[in-house]
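Asks: Dropping the structure in here first, questions after.
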Amino acid sequence: MDTLRDKTIHVESYGCTFNHADTEKIIALAERQGCVRVPAEEAECIILNTCTVVGATERAMLRRIRAYAGKEIVVTGCMPVVQREILLETFPDLHLILPEEMYMTCPEVGAMTDPHTGVVQTGTGCLGACSYCITRAARGPLKSFSADAIVAEVERLAAGGAYEIQLTGQDVSAWGMDLGTDLADLLERIAGAKGDFRLRVGMMNPATAGRIIDRLAPAFAHEKIFGFVHLPVQSGSDAVLASMNRGYTAAEFETVVAAFRAEIPDVRVSTDIIAGFPTEGCREFDETLEMLGRVRPTKVNITRFSVREGTPAAQYHDHPDWVKKERSRALTHLTERIYDEENLRWIGRELSVLVTEQKKNGTVIARDATYQNIVIPQEIPLGTRLRVKVTGHRRHYLMAAPV
């Protein structure tokens with residue numbers, strides 16, 4: 001970390017919300033040590049916070065490093081942990097900062113990622129051992145941050161102007177299971193924290209969420225917590241889920257979703273699907289399509305399977321790219337139809353919303369109690385709470401006007 005001292009710097013951040021919070025910590029540390037942020041062409045030092053979740057991302061990271069040849073480059077994030085040799089063989093002059101080094105120097109568990117959005121990290125690592133995942137090797141086993149530290153950070157960010165606070169981790173629903181507590185307890189504490197904010201809970205593995213679902217689902221019903229759940233299912237086939245080592249069945253995933261809907265009927269359900277996993281045949285892919293038709297999630301992140309060297313799934317025979325593309329297109333067509341059908345039922349409804357972002361002049365983005373993306377074509381101050389009427393949709397967001 002001493003290399004980040006008294007220099008002009010340019011910072012680029014890639015990957016998940018957790019990574020972006022780490023980036024803000026690095027910037028704060030560098031500025032405390034006399035560094036000044038400038039455009040890339042003026043910088044003495046380039047800081048890249050990297051992601052390597054899939055092969056395409058890894059290649060993009062290597063291209064970014066090459067783009068800054070001739071400058072001092074600092075690389076942090078997941079790549080220095082799992083691809084240290086590749087980095088140093090290709091770029092011998094790199095400075096590498098491991099995430100653990102940063103946490104020792106920057107013990108804060110949160111950061112502001114824009115003037116009105118705060119991110120609070122629940123801990124590092126996870127309890128899983130998914131056969132395709134390289135992030136587990138980069139982040140290690142679960143190490144939960146303390147509830148006191150998390151709640152204090154929520155209150156600090158809220159006092160600093162955060163209207164929305166995002167709780168993030170590799171598996172947020174695993175929080176506390178290494179400390180003898182759980183996420184339901186943490187959410188109860190955050191719901192009682194000082195400040196005028198709403199909390200968005202990040203990605204939860206159905207395997208760990210299912211362990212505490214009887215207490216977890218009711219915790220989401222609190223008015224300070226968005227009725228939004230991100231539960232990556234990855235496949236609707238039990239055979240594929242077993243080869244992925246996900247730790248649950250498709251029916252168990254659906255049970256978790258049903259429990260949230262029983263508490264919050266309009267809860268927004270986001271999920272992830274891997275298209276073309278090596279053990280996924282035509283029958284298994286059809287099971288995934290059928291599962292999505294039953295669950296009808298309001299957002300689906302579709303990723304084509306990518307071999308990550310050193311993971312158990314790298315030993316499987318990979319599908320040709322055309323198979324992955326074909327399945328990805330079929331998933332996209334299905335999910336877009338679901339989005340359109342689900343959006344229609346909101347038109348004409350009145351909602352209480354919180355204005356959280358300004359995208360362009362004359363337009364703001366607001367969120368309702370279930371974290372729906374609602375575009376209002378008016379200038380409205382950030383942080384305003386108001387009633388709106390939904391007037392239409394554009395597939396990935398609703399249109400609305402103040403009542």
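The values are calculated or read from the model by the stated rules, or taken from the named source; none is laboratory data. What you are looking at is a predicted structure, and each value in this text was computed from that prediction instead of being measured. Every residue, glycine among them, receives a Cβ derived from its backbone with ideal geometry; neighbour counts consider all protein chains shown.
Asks: Looking only at segment 238-249, count how many residues are more than 22 Å from the chain's Cα centre (by Cα) and surrounded by fewer than 22 Cβ atoms within 10 Å (Cβ to Cβ).
Replies: Going through segment 238-249 one residue at a time, the tally reaches 5.
Asks: Considering every residue within segment 165-179, establish whether at least one is out of contact with any Gly (no Cβ under 7 Å at 6 or more places or on another chain) and under 20 Å from residue 228 (Cα atoms).
Replies: Yes, segment 165-179 has at least one match.
Asks: Between a first residue in segment 87-110 that is under 18 Å from residue 27 (Cβ atoms) and a second residue that is assigned to a loop (DSSP other than H, G, I, E, B), which pairs have beta carbons less than 6 Å apart while being 6 or more apart in sequence or on different chains?
Replies: 95/3; 105/1; 109/145
Asks: While we're on this one: State the number of residues belonging to segment 292-331 that are part of a helix (DSSP H, G or I) and within 24 Å of residue 261 (Cα to Cα). Outline the logic, then answer.
Replies: Just the residues of segment 292-331 that are part of a helix (DSSP H, G or I), to begin with: 292-295, 312-315, 321-331.
When the remaining residues are screened for being within 24 Å of residue 261 (Cα to Cα), the result is 292-295, 331.
Adding up the residues that qualify gives 5.
Asks: Give the residue that is nearest to residue 132 (Cα to Cα), with candidates limited to residues of segment 223-237 that are of a type outside the set (A, V, I, L, M, F, W, C) and crowded, with 16+ Cβ neighbours inside 10 Å.
Replies: Pass one, segment 223-237, residues of a type outside the set (A, V, I, L, M, F, W, C): 223-224, 227, 230, 232, 234-237.
Add one more test, that the residue is crowded, with 16+ Cβ neighbours inside 10 Å, and what stays is 224, 227, 230, 232, 234-237.
Working: 224: 35, 227: 30, 230: 19, 232: 14, 234: 11, 235: 13, 236: 16, 237: 16 Å.
Going through the qualifying residues, I end up with 234.
One line per residue, one yes/no per condition, for (1) in a loop (DSSP other than H, G, I, E, B); (2) surrounded by fewer than 17 Cβ atoms within 10 Å (Cβ to Cβ); (3) touching an Asp or Glu at 6+ places or on another chain (Cβ under 9 Å):
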position	(1), (2), (3)
89	no, yes, no
93	yes, yes, yes
104	no, yes, no
111	no, no, yes
118	no, no, yes
128	yes, no, yes
131	yes, no, no
137	no, yes, no
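Asks: Would you mind stating whether residue 124 is among the β-branched types (Val, Ile, Thr) and within 16 Å of the chain's Cα centre (by Cα)?
Replies: yes
Asks: Okay, next question. If you scan segment 1-58, which residues turn out to be part of a loop (DSSP other than H, G, I, E, B), of a type outside the set (Gly, Ala, Ser) and within 18 Å of residue 170 (Cα to Cα)?
Replies: Once the filter is applied, which keeps residues that are part of a loop (DSSP other than H, G, I, E, B), of a type outside the set (Gly, Ala, Ser) and within 18 Å of residue 170 (Cα to Cα), segment 1-58 yields 14, 16, 51, 52, 53, 54.
Asks: Given the criterion in contact (Cβ under 8 Å) with a residue 40 or more places away in the chain, in contact with a strand residue (DSSP E or B) (Cβ under 6 Å, 6 or more places away or on another chain), assigned by TED's automatic domain parsing to the domain that holds residue 222 and of a type outside the set (Phe, Trp, Tyr), identify the matching residue among 391, 356, 335. Can you show your working first?
Replies: On the way: 391 fails: assigned by TED's automatic domain parsing to the domain that holds residue 222; 356 fails: assigned by TED's automatic domain parsing to the domain that holds residue 222.
Just one listed residue meets the conditions, 335.
Asks: In this structure, does residue 189 turn out to be crowded, with 17+ Cβ neighbours inside 10 Å, without any contact (Cβ under 8 Å) to a residue 60 or more places away in the chain, not in a strand (DSSP E or B) and not aliphatic (A, V, I, L, M)?
Replies: Here the answer is no, as residue 189 does not meet what is asked.
Asks: Name, by its number, the condition in (1) assigned to a helix (DSSP H, G or I); (2) within 22 Å of residue 117 (Cα to Cα) that does not hold for residue 261.
Replies: The one condition residue 261 does not meet is (2).
Asks: Within segment 65-74, does at least one residue satisfy the condition of being over 22 Å from residue 134 (Cβ atoms), of a type in the set (Gly, Ala, Ser), in a loop (DSSP other than H, G, I, E, B) and in contact with an Asp or Glu (Cβ under 7 Å, 6 or more places away or on another chain)?
Replies: no
Asks: Let me ask another. Which one of these does residue 222 not meet: (1) under 20 Å from the mean Cα position of the chain (by Cα); (2) over 23 Å from residue 21 (Cα atoms)?
Replies: (1)
Asks: Any residue that is assigned by TED's automatic domain parsing to the domain that holds residue 195, free of Cβ contacts under 8 Å to residues at least 60 places away in the same chain, surrounded by fewer than 20 Cβ atoms within 10 Å (Cβ to Cβ) and touching a Leu at 6+ places or on another chain (Cβ under 8 Å) - is there at least one of those in segment 304-319?
Replies: Looking through segment 304-319, none of the residues is assigned by TED's automatic domain parsing to the domain that holds residue 195, free of Cβ contacts under 8 Å to residues at least 60 places away in the same chain, surrounded by fewer than 20 Cβ atoms within 10 Å (Cβ to Cβ) and touching a Leu at 6+ places or on another chain (Cβ under 8 Å).
Asks: Name the residue that is farthest from the chain's Cα centre (by Cα), counting only residues in segment 10-22 that are under 25 Å from residue 120 (Cβ atoms) and free of Cβ contacts under 8 Å to residues at least 60 places away in the same chain. Before the answer, list the steps.
Replies: The initial filter retains those residues of segment 10-22 that are under 25 Å from residue 120 (Cβ atoms), namely 11-22.
From what is left, the residues that are free of Cβ contacts under 8 Å to residues at least 60 places away in the same chain are 11-13, 19.
Numbers: 11: 20, 12: 18, 13: 14, 19: 9 Å.
The residue in question is 11.
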